[in-house]
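Q: Here it is, the structure, as structure tokens.
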Amino acid sequence: MSYNSRFDHNAGPLGTYAGPAAEIDLGLRQHMMRVYNFMAAGLAVTGVVAYAAIATGFYQQIAGTPLIWLVMLAPLGAVLFLNFRIERLSVGAAQAIFWGFAAVMGLSLAGIFLIYTGASIARVFFITAGTFAATSVYGYMTQRDLSRFGSFLFMGLIGIILAAVVNIFIGSSALQFAISVIGVIVFTGLTAWDTQRIKQIYLHSDPGDALTKKALMGALSLYLNFINLFLMLLRLVGQRR
């Protein structure tokens, strides 16, 4: 048997390959679309809740009360819960927590409408969307292994968090500017890295409910990258009221 004849049964029109690799590619595209759809829907929920909280005056009512701390910390709690308990949750429960997280995140971000103009927020959102899309496509398409950048980006993320905590007490505008610039670089890199990681997770996963939960976790990672990139750009180029 010749080398070519062994693979003739997998050949499609004009010799194109139509075997397992093609099926994996189709499945991967469907998985990535599910990830992006979850992420986009989560962003939509966040945006609607944020706008509604300001329009109804609800955010203004809780802004000066201890309840605001619960609102600010609840998204972090939801992220940690999903990361540590996702394997034990049903698909429905995981989705409910994800949507609840997106809603509470919207409530916690509503204050930006009081600080920045609506036109400025919209402009920065579209800038963020374009940057995110280009970077995520790169992470999906590139053949370069981005895993070696993961530890560097994680260290940068930890540095940003620590610097932000310090700046709460010292209130340095120069430090805030540096945090925002470094944050844009870090979250842009994390978008590409996370996209490639989501792709690799799919390629090493079994089909079934587990894939839906993995799509949710992938969407959560990209959602957080988008939101943080948006906030960093807003602090850099947003127009204050």
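Read-outs: derived from the displayed coordinates by stated rules, not from any lab. Since the structure is predicted, the reported quantities are computational estimates derived from the model, not experimental observations. Heads up, the Cβs are rebuilt from the backbone with ideal geometry, glycines too, and the neighbour counts pull from every protein chain shown.
Q: Do the sum for the chain: with -39,500 (n - 2.57) for every DSSP H run of n ≥ 4, divided by all residues, what is the mean residue ellipticity at 222 nm, to the nearest 500 deg cm²/dmol? Spell out each step's value before the answer.
A: Working: 9 runs with 188 residues, N = 241.
Result for the chain, helices only: -27000 deg cm²/dmol.
Q: What do you get for Rg/Rh over the chain if you use C-alpha atoms and the Kirkwood form of Rh?
A: Numbers: Rg = 20.9 Å, Rh = 19.9 Å.
Result: Rg/Rh = 1.05.
Q: Can you list residues from other chains, or at least 5 along the same chain, whose modelled amide H is less than 5 Å from the amide H of Tyr116?
A: Residues meeting the criterion, in which the H sits 1.01 Å from N, are Arg241.
Q: Here's something else I'd like to know. Measure out, as a whole number of angstrom, how far apart the alpha-carbon centroids of the range 202-241 and the range 129-184 sit.
A: Cα centroid to Cα centroid, the span is 13 Å.
Q: By how many degrees, between 0 and 90 and to the nearest 10, does the Cα long axis of helix 150-170 differ from the longest principal axis of the chain?
A: Value to nearest ten degrees: 10.
Q: Still on this model: Assigning unit charges at the beta carbon (Lys, Arg +1; Asp, Glu -1) and nothing else, what dipole magnitude in debye, to the nearest 20, does the chain show about its Cα centre?
A: On the way: 15 positive and 8 negative charges, 91 e Å.
Magnitude of the dipole: close to 440 debye.
Q: Still on this structure: Note the angle between two axes, namely the Cα long axis of helix 173-203 and the longest principal axis of the Cα atoms of the chain, as a number of degrees from 0 to 90, rounded to the nearest 10.
A: Between the helix axis and the principal axis of the chain, the angle is about 30 degrees.
Q: For Trp99 and Ala133, FRET efficiency with R0 = 22 Å and r from the beta-carbon atoms, rounded to 0.05? Intermediate results must be reported in sequence, preceding the final value.
A: Values: r = 23 Å, r/R0 = 1.05.
The calculated FRET efficiency here is 0.45.
Q: With the crude spin-label approximation of a point 7 Å out along Cα→Cβ, what separation in nm comes out for Thr212 versus Thr56?
A: Between Thr212 and Thr56, the simple spin-label model gives 2.9 nm.
Q: Can you give the extra length, in nm with one decimal, that the chain gains between Arg240 and Ser147 once fully stretched, where that is 0.36 nm per residue apart less the Cα-Cα distance?
A: Working: separation 93, 0.36 × 93 = 33.48 nm, distance 3.79 nm.
That pair, Arg240 and Ser147, stretches by 29.7 nm at full extension.
Q: Name the residue farthest towards the positive end of the dipole of the chain from the options Ile160, Phe113, Ile97, assuming +1 on Cβ of Lys and Arg, -1 on Cβ of Asp and Glu, about the Cα centre.
A: Phe113
Q: With a cut-off of 12 Å, note down the residues of the range 144-160 whose backbone N falls inside the zone around a label point 7 Å from the Cα of Ala178 toward its beta carbon.
A: The answer is 160.
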